[in-house]
Amino acid sequence: MFKLSEIKELIELVDQTSIQELEIENEGTRLSIKKPGNPEVVSYQAAPQAYAVPQPFQPPSQAPSQAPATAPAEPSAAADAASSLHKIVSPMVGTFYSSPSPEAPPFVSTGDKVGVKSTVCIIEAMKLMNELEAEIKGEVVEVLVQNGQLVEFGQPLFLVKPD
């Protein structure tokens, strides 16, 4: 199992050399690092018995439904409400920070109003702090990740109800 500090160290080493790609396997855990410009920047696969590491967001597969043809209207109403929400997704692989410093309050919380240029979080990637803007006007309905959590490219971070 790789520690986060070891992963960050390896990323820095690869960045400072002419190596384009590095792949390491240790105790059933495989780490693959590729320099920017390649389709995948960092890939991490943990052994099944290890703790879960965030993987790229993938919607659940569309398995055949075993439900009767006459399903109640309530689930479809909930699905309609969820489909009207805007997802703010991570533009990169990195660490999610909800506030500018450990002592500061979060940029946004559930129920807060955001504007197009409102900063909603920071994503740290390779020691660079990248502020993420809402890019939509609305109300934050749900924060989907926790402070300090590793996030993947395209992973939903917030659900926003557009105004």
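The values are calculated or read from the model by the stated rules, or taken from the named source; none is laboratory data. Keep in mind that what you see is a predicted model, and the values were worked out from it rather than measured. Cβ sites come from the backbone with ideal geometry, for glycine too, and all protein chains shown count toward neighbours.
Which of the residues that make up segment 85-102 are hydrophobic (A, V, I, L, M, F, W, C) and surrounded by fewer than 15 Cβ atoms within 10 Å (Cβ to Cβ)? Even if it seems obvious, please write down each step before you answer.
Within segment 85-102, the subset hydrophobic (A, V, I, L, M, F, W, C) is 85, 88-89, 92-93, 96.
Selection gives nothing.
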Legend entry - Pairs with Cβ under 6 Å, 6+ apart, first in segment 128-148 and outside any strand (DSSP E or B), second at pLDDT below 95 and of a type in the set (Asp, Glu): 137/163
Legend entry - Flag if residue 71 is under 20 Å from the mean Cα position of the chain (by Cα) and at pLDDT below 85: no
Legend entry - Matching residues in segment 91-123 - criterion: being outside any strand (DSSP E or B), closer than 18 Å to residue 135 by Cβ and of a type in the set (A, V, I, L, M, F, W, C): 92, 107, 108, 116
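Out of all the residues in segment 103-135, which are among the aliphatic types (A, V, I, L, M), surrounded by fewer than 18 Cβ atoms within 10 Å (Cβ to Cβ) and over 30 Å from residue 9 (Cα atoms)?
First, pick out the residues of segment 103-135 that are among the aliphatic types (A, V, I, L, M): 104, 108, 114, 116, 120, 122-123, 125-126, 128-129, 132, 134.
The next check asks that each one be surrounded by fewer than 18 Cβ atoms within 10 Å (Cβ to Cβ); those that pass are 104, 116, 126, 128-129.
Across segment 103-135, the qualifying residue is only 116.
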Legend entry - Pair list, Cβ under 9 Å, 6 or more apart: segment 112-125 residue farther than 11 Å from residue 97 by Cβ, other residue part of a strand (DSSP E or B) and among the polar types (S, T, N, Q): 125/95
